[in-house]
1. With θ taken as phi - 60° and the coefficients 6.51, -1.76 and 1.60, list the Karplus ³J(HN,Hα) couplings across the range 62-77 in order, rounded to whole Hz; mark glycine and proline as x.
2. What net charge is computed for the residues neighbouring I99, neighbours being all others with C-beta under 14 Å from the C-beta of I99, Lys and Arg scored +1, Asp and Glu -1?
3. For D82, project a label point 7 Å along Cα to C-beta. Then give me every residue of the range 109-134 with its amide nitrogen under 19 Å of that point.
4. Within 11 Å, Cβ to Cβ, of L157, how many net charges do the neighbouring residues add up to if Lys/Arg are +1 and Asp/Glu are -1?
Amino acid sequence: MSHQQLWAPWRLAYVQNSEPKGSQPLKASCFLCGYRDDDSANDPKNLVVLRGEHSIVVLNRFPYNNGHLLIAPREHKADLRDLNDAELLETNHLLQKMIGSLENVISPDGFNVGLNLGRVAGAGLPGHLHWHIVPRWNGDTNFMPILGEAKVIPQALDALHELLTKELSSETGRAS
């Protein structure tokens with residue numbers, strides 16, 4: 001039996017930048033705050049899909065599945081109870097909007113939508129609250145995660161970013 005290599009060079013950044021167990025991320029190192037504060041001209045490079053008045057939508061750079069999005073309040077808040085009404089309402093509206101956009105662009109059969117509160121609950125960035133939207137397809141669980149401890153993501157992040165931003169801009173045009 002010959003062995004084939006599975007290349008995932010985009011994962012190197014994740015491995016090299018992972019934090020030691022038990023460390024607490026500082027606001028200064030929060031990538032969501034960095035994207036929020038960056039010039040919107042850098043949104044394609046940062047994979048920022050949409051900016052709301054109180055929240056931001058970003059493609060997960062290290063996705064569990066194709067189309068994996070993060071929706072976060074713009075302000076660096078770790079606790080759901082710290083969100084004001086405007087932040088809570090807008091993040092939930094964006095959850096609805098982005099599920100619809102993903103349905104139109106990549107046609108998933110379902111979604112996992114979740115919020116991990118605290119490192120022990122699985123939050124990789126416990127200092128900045130964020131929801132995950134993970135598109136799912138019938139049969140998307142296969143041998144790769146079991147045997148190879150790897151997932152195959154069939155679409156480049158920049159290609160999906162382009163599709164989603166195009167879809168969202170056409171929605172804006174239809175709503176006018």
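Bear in mind these aren't lab numbers, they're just calculated from the coordinates by the rules spelled out. Only a predicted model underlies this, so the values are computations on that prediction, with no experimental measurement involved. Every residue, glycine as well, gets a Cβ built from its backbone with ideal geometry; the counts of neighbours run over all protein chains shown.
1. Along the range 62-77, the couplings run 10, x, 6, 7, 4, x, 5, 10, 10, 10, 9, x, 5, 6, 6, 10 Hz.
2. So the surrounding residues net to -2.
3. 115-132, by backbone N distance to the label point.
4. 0
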